[in-house]
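These notes concern the structure reproduced below.
The values are calculated or read from the model by the stated rules, or taken from the named source; none is laboratory data. Being a predicted model, the structure only gives us computed values, none of them experimental. Positions of Cβ are generated from backbone atoms using ideal geometry, with glycine treated the same way; all protein chains shown enter the neighbour counts.
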Amino acid sequence: MKQWNSVTGKYGEDVAVEMLKTKGYAILERNWRNKFGEIDIIAKKDGILVFVEVKTKIGELFGLPEEMAGKGKLQKVRNMATVYLNGKETPCRIDVVAVVLSENGQVTRLTHYENVY
Amino acid sequence: MLTKIRSTANIGLTTIPIDVEVDVATAGFPGFTIVGLASKAVDEARERVKTAIINSGFDFPPKKITVNLAPADIPKDGAAYDLPIAVGILIASEQLPEETVFDLKKQFFYGELSLDGTLRPTRGVLLLALFAKNITGSQLFVPETSANEASVVDIPVYPVPTLHRLIQHFIQIKPLDPLSYLPIKDALDMEPPEFDLAEIAGQEQAKRAIIIAASGGHNMLMFGPPGTGKTMLARALPGILPPLTEQEALEVTRIYSISGLLPPGASLITKRPFRAPHHGVSTVGLIGGGSNPMPGEVSLAHLGVLFLDETPEFPRSALESLRQPMEDGTVEIVRAAGHVRYPASFTLLAAINPCPCGYLGHPKRECICSQRQIVKYRHRISGPILDRIDLHVSVSVIAVDKLSQSLKNNPNAITSKQAKTLVVSARAIQTKRFTETKIYTNSQMKNKDVKRFCVLSPESENILKLASETYNFSARSYIRMIKVARTIADLDRKKDILPTHIAEALQYKQMV
């Protein structure tokens, strides 16, 4: 059901944030948005600014979460990142976190892809 | 993991080996990219390969897959890289241990995949086979539906019905049977002609000319009012053409293989081509072309006949473009993608009416065309084209009593079978004559060959000289006439060209 997608997505983002924290990332922003779009997580580690796109799917039967973060989506994240940086020159990259949940909400897979763009 | 699979690309009729390098990276965001100057059709292989792998019961690895088609500067077109890419992915993702695939350096993969994993007929398999023949120990894996093309080449060819069956072959569950080698000699067969010469009423001179044209490969022009049998004579021509030799059959089949015109399951073009394009044909359709240059009608008629019915109706640009191939026997097509050369050694057979209404010079009917119309009509075929045509024959109106006679069986009329025997024996003489050269017929002789093979007696030379002076023949016509005389002498089984042969050749020359 479409109305549950946002709930799933929110849960997936929570899972991703927890993972990033344990990896030693400092979370700067969550759901940073303006009228053009949204960046799920903005984090920082070792002086590198990281823009994270989180994709969550329940089961892999209808496609992988990785497939849902295609060229277009990543371009959008990139554009948003440019807006966020507002001309500042700082080392940064774009990451994708793929979250796969089981029917009852257990995390079955959690993959972090670094520097995908 | 990185794997290298071998395949080939065809640029015109040249075959270039292509290494399909497939890398399935252990790290990195999943994706599937193909690099190496891939055209749209090759780029779309991503979707076909992905779906075909899944539908064949394997996993498509959710990893970063990079395919490189090396060398990177040669443009790749067509769907033939589907199979090598799919096999490469299966090996690189370790779903297929590399040891089971015996020898990747000697194995060539070629073919288009459909979404369910079956292999579709793919153009150019014969060219791949001819290329692979030069590499000792090579094996071919090609679509089952196109595999017969390669059966005339003596190397192991495995016809692959589906991707799944190919994998079964490699893991040795159910090996594929290699195709048995089919010697070309056995493939060449003879079919009965569509029209028999004996069915055509009268026109003895035209029949004689058509036999000469078939024997020596000379260009011929038929000239006459509508309904006198020009088209029928042309249709009868394939029936008297000599069978293709092994070498010729391979040459012709290569062109049809690259054009994708071989009927599915056929291994070889066994009949001399007879191409009769409609007069609406464009220059590109006739000569060949396109952004990835393909052979045109002149190349498809290679070693056979190109019949232009109603020749003046063809676009002038198309007709004029015939000049180079008529002279050189090849066409060179230059496009942005590169330049290719296709063989185009054909016999031109043209049929024209004397005027737009068709009845100029008719013994009974009156022509209604104005002088201007007639001149305009004649001008549609330029002098240089007419100069390249050796045999000009008038196909005149047949008298009614002759027509009725032909409907009852006329025992005197020459049949296609008899004509063919004549033609075959004349060709045999030519084959023997040209064993050391690269040509097959008298019409293909270059000037130095004419000097060598066509010795004229002083008397013959005198006749020719006299005629040339009287009618102002061009230098080309002069040489061409000697070639026709050579063919007539061959039909007569004479070693030397006698005055009678020259005289006959002269009467087929245009005298206007």
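Could you say whether any residue in region B:303-323 is at positive phi and touching a helix residue (DSSP H, G or I) at 6+ places or on another chain (Cβ under 6 Å)?
yes
Is it the case, given these coordinates, that A:Asp40 is charged (D, E, K, R), within 14 Å of chain B (Cβ to nearest Cβ), in contact with a strand residue (DSSP E or B) (Cβ under 8 Å, 6 or more places away or on another chain) and crowded, with 22+ Cβ neighbours inside 10 Å?
no
With respect to B:Ile53, determine if the residue is closer than 21 Å to A:Leu64 by Cα and in contact with a helix residue (DSSP H, G or I) (Cβ under 7 Å, 6 or more places away or on another chain).
yes
Taking the conditions exactly as written (within 14 Å of another protein chain (Cβ to nearest Cβ), buried (at least 20 other Cβ atoms within 10 Å of the Cβ) and not in a loop (DSSP other than H, G, I, E, B)), does B:Ile65 satisfy them or not?
Here the answer is yes, as B:Ile65 does meet what is asked.
For region B:25-40: of the residues being away from every other protein chain (no Cβ under 11 Å), touching an Asp or Glu at 6+ places or on another chain (Cβ under 8 Å) and not small (Gly, Ala, Ser), which is nearest to B:Arg165 (Cα to Cα)?
B:Ile34
Being within 14 Å of another protein chain (Cβ to nearest Cβ), in contact with a strand residue (DSSP E or B) (Cβ under 7 Å, 6 or more places away or on another chain) and of a type in the set (Asp, Glu) narrows it down to one residue among B:Asp59, B:Asp43; which is it?
B:Asp43
Can you find even one residue in region B:128-140 that is surrounded by fewer than 24 Cβ atoms within 10 Å (Cβ to Cβ) and under 15 Å from B:Lys50 (Cα atoms)?
Among the residues of region B:128-140, not one is surrounded by fewer than 24 Cβ atoms within 10 Å (Cβ to Cβ) and under 15 Å from B:Lys50 (Cα atoms), which makes the answer no.
For the subset of region A:87-109 comprising residues that are under 22 Å from A:Asp46 (Cβ atoms) and more than 14 Å from every other protein chain (Cβ to nearest Cβ), which member is surrounded by the fewest Cβ atoms within 10 Å (Cβ to Cβ)?
So, considering only residues that are under 22 Å from A:Asp46 (Cβ atoms) and more than 14 Å from every other protein chain (Cβ to nearest Cβ), the one surrounded by the fewest Cβ atoms within 10 Å (Cβ to Cβ) is A:Glu89.
Kindly indicate the residue of region A:64-86 that is within 14 Å of another protein chain (Cβ to nearest Cβ) and part of a loop (DSSP other than H, G, I, E, B) and also farthest from the chain's Cα centre (by Cα) among those meeting that condition.
A:Leu64
Identify the residue in region B:231-272 that is free of Cβ contacts under 8 Å to residues at least 40 places away in the same chain and under 12 Å from the mean Cα position of the chain (by Cα) and, among all such residues, is farthest from B:Gln430 (Cα to Cα).
The selected residue is B:Leu261.
Only residues that are polar (S, T, N, Q) and not in a strand (DSSP E or B): list them for region B:9-28, please.
If the condition is that a residue be polar (S, T, N, Q) and not in a strand (DSSP E or B), then B:Thr26 is the only one that fits.
Which residues, counting only those in region B:422-465, are within 24 Å of the chain's Cα centre (by Cα), part of a helix (DSSP H, G or I) and free of Cβ contacts under 8 Å to residues at least 12 places away in the same chain?
B:Ala428, B:Lys432
Can you pull out the residues in region A:54-63 that are surrounded by fewer than 11 Cβ atoms within 10 Å (Cβ to Cβ) and within 12 Å of chain B (Cβ to nearest Cβ)?
A:Gly63
Between a residue in region B:327-346 that is among the polar types (S, T, N, Q) and any residue that is surrounded by fewer than 22 Cβ atoms within 10 Å (Cβ to Cβ) and modelled with pLDDT of 90 or more, which pairs come within a Cβ distance under 6 Å, given they are 6 or more apart or on different chains?
As it stands, the answer is B:Thr330/B:Arg341; B:Thr330/B:Pro343, since those pairs meet every condition given.
Given the conditions (1) surrounded by fewer than 18 Cβ atoms within 10 Å (Cβ to Cβ); (2) at pLDDT 85 or above; (3) among the acidic types (Asp, Glu), and given that B:Asp189 satisfies all but one, which numbered condition is not satisfied?
Single failed check for B:Asp189: (2).
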